[in-house]
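The values are calculated or read from the model by the stated rules, or taken from the named source; none is laboratory data. Remember, it's a predicted structure, so these values are computed and weren't measured experimentally. Quick reminder, even Gly has a Cβ in these numbers, built from the backbone with ideal geometry, and neighbours come from all protein chains shown. To get the accessible areas, we keep the full protein, side chains included, count just its heavy atoms, and leave off ligands, DNA and RNA. Shrake-Rupley method; radii C 1.70, N 1.55, O 1.52, S 1.80 Å.
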Amino acid sequence: MARADGRLSHDLLPDERLPQDACGVFGVWAPGEEVAKLTYFGLYALQHRGQEAAGIATSDGQRLVVYKDIGLVSQVFDESALASLPGHLAVGHCRYSTTGRNSWENAQPTLGGTADNTVALTHNGNLTNTSALRDLLAEAYGGDLSTQGGEVGRGNTTDTAVVTGLLTADEDLPLEEAAVRVLPLLRGAFSLVFCDETTLYAARDPQGVRPLVLGRLERGWVVASETAALDIVGASVVREVEPGELIAVDENGLRSRRFAEPAPKRCVFEWVYLARPDTKIAGREVYDSRVEMGRQLAREHPVEADMVMPTPESGTPAAIGYAEASGIPYGQGLVKNAYVGRTFIAPSQTIRQLGIRLKLNPLRDVIKGKRLIVVDDSIVRGNTQRALVRMLREAGAAEVHVRISSPPVRWPCFYGIDFATRAELIATGLDTDSIRASIGADSLGYISEEGMVEATHQTPDTLCTACFSGVYPIEVPSADKRGKDVLELPLEDVLPVLRA
């Protein structure tokens, strides 16, 4: 296993300190249903996984149409847009960028095509061998990617567009057979949902890093990033798409093929933060795991206090668990403005410094004179926690004890989460007491990696904990293959700093 360094970007507000999550993917094959609307509602349920762009492609069996744009699902689509997407087959995507800039060209689904058919592909995850795959695609077109008829030739800079190009590089090869050839070449995390004019496909990398589930409608099938999206559209959960599995759905029913042997390494951060609390992963509701993380946190880091409170909404389940295990009353010390979401209006520096107050306001009568335990899911840069502690003290809190339901984030993710540079991660250069002093808390406690893993009910060898441990289950990019999503510093430059 390797250790490496990379990058990530966050905002300063609660629930935005970590990336707006890995992307959300959705697909449906359902004759007689309004598949564009089903996909819209599925993406709406997955909006937390990506807030930069959204898109839907549909097919009526003869013609494939795509509609996509920058913005939230509710901003991109209206009734007229959905009415322009007829058919019985659809794939959809809400984007959070890890590879490739945020632009209309990089919105998904990505399109590729041959003389006989078209493919629309959506991707949740991040590939680690994009450079090598791009070289393969260039080779297929005689070394000139400008002649590639798909989106790579039109300026799309994502790993998704490269995969789409590879799937359609051989005009004589049916899409399913092309997928069986191409999928084993991919390295990294990928949960793919794609289609041509007649068939819906879903595939998951051999490690199963990102979630992907299969559901059943009365008149068809659904695949989605999370079970919560199946619930929203009235589909029953059948099972997860297995690691290393390719599923196809058409008029002949559902069929499954293996393209690689499974070697599960699920992302533990799905349990900590990424997935919706009402989603089930491996048969267990995420909410239950987060409450258990709070209980474990109380056992590992007890403190005398008057009230346990969450940072809404990300810390709520763990705070409930902490209160339950500690016997200290649970309370709401902060009110969240539910109508403040992502904004496209750039604030001035003065307004940015008020950051946290755009979303949270203290209940002063509840807080005044109290010894508080504030529970949250993570600390990244420390800016949010620092502002939060200051706000609570200004509201009259006697003591502020911070408890975090994940270990310190010290390493970047190469599998679909865009973390900050290591220099920006507060836990890179500081021990716990130094972080406590930096954010101004009376005490600070992180859950242990063992306690976090135990709360998921998964065995340690089936989880990826790279952002906490630095141990990567899939080979990470070499220093000479870097981009937005890979190493910022050569490994030989990073290790002396870490050892100091």
Next item on the list: Return the ratio Rg/(2.2 N^0.38 Å) for segment 19-69, where Rg is computed over Cα atoms only.
Entry: 1.21
Check: Applying 1/(1 + (r/R0)^6) with R0 = 25 Å to the Cβ-Cβ distance of residue 181 and residue 278, what FRET efficiency is obtained, to the nearest 0.05?
Finding: 0.10
Item checked: aspartates and glutamates whose Cα lies under 18 Å from that of residue 368, excluding same-chain neighbours fewer than 8 positions away -> 304, 306, 394, 399, 442
Item checked: 1.4 Å probe accessible area per residue over segment 375-462, in Å² -> 32
Next item on the list: Enter the Cα centre distance for the pair segment 272-334 and segment 402-475, rounded to the nearest angstrom.
Entry: 17
Note to self: Give me the one-decimal nm value for the distance between modelled label points at residue 475 and residue 431, 7 Å along each residue's Cα-to-Cβ direction.
What the structure shows: 3.8
Notebook entry, point to check: What is the gain in length, in nm to one decimal, between residue 239 and residue 41 on full extension, counting 0.36 nm per residue of separation less the C-alpha to C-alpha distance?
Noted result: 69.2 nm
Next item on the list: Multiply the residue gap between residue 219 and residue 364 by 0.36 nm, knock off their C-alpha separation, and tell me the result in nm, one decimal place.
Entry: 46.9 nm
Check: Using a Förster distance of 41 Å, how high is the FRET efficiency between residue 443 and residue 135, based on the Cβ-Cβ distance and rounded to 0.05?
Finding: 0.20
Item checked: Inter-site label distance for residue 338 and residue 306 at 7 Å from Cα along Cβ, in nm -> 2.9
Checklist line | segment 155-251, accessible area per residue, ligands and nucleic acids excluded (1.4 Å, Å²) | finding: 29
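Please report, in debye to the nearest 20, how large the charge dipole of segment 30-81 is about its Cα centre when each Lys and Arg carries +1 at its beta carbon and each Asp and Glu carries -1 there.
Values: 4 positive and 7 negative charges, 34 e Å.
Dipole magnitude for segment 30-81 comes out near 160 debye.
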Notebook entry, point to check: Sorted by average packing, counted as other Cβ atoms within 10 angstrom per residue and highest first, what order do 290-298, 443-451 take?
Noted result: 290-298, 443-451
Next item on the list: Place the peptides 226-236, 202-212, 256-266, 458-468 in order of packing, highest mean first, counting for every residue the other Cβ atoms within 10 Å and averaging per peptide.
Entry: 202-212, 226-236, 458-468, 256-266
Item checked: Fraction in percent of alpha-carbon pairs per bin - 5 Å, segment 241-331 -> 3, 13, 18, 15, 13, 11, 7, 6, 6, 5, 3, 1, 0
Check: How would you order 386-392, 164-170 from highest to lowest mean count of nearby Cβ atoms within 10 Å?
Finding: 164-170, 386-392
Next item on the list: Provide the three semi-axes, in whole Å and in decreasing order, of the ellipsoid equivalent to segment 256-300 as defined by the square roots of 5 times the Cα gyration tensor eigenvalues.
Entry: 27, 12, 8
Checklist line | Difference of contour (0.36 nm per residue) and Cα-Cα distance, residue 75 to residue 171 | finding: 30.9 nm
Next item on the list: Estimate the FRET efficiency between residue 256 and residue 285 by the formula 1/(1 + (r/R0)^6), using the beta-carbon distance for r and 45 Å for R0, to the nearest 0.05.
Entry: 0.95
Margin query: Going through the cross-link list 37/280; 265/359; 336/370, which pairs have a Cα-Cα distance over 27 Å in this structure?
Written below: 265/359
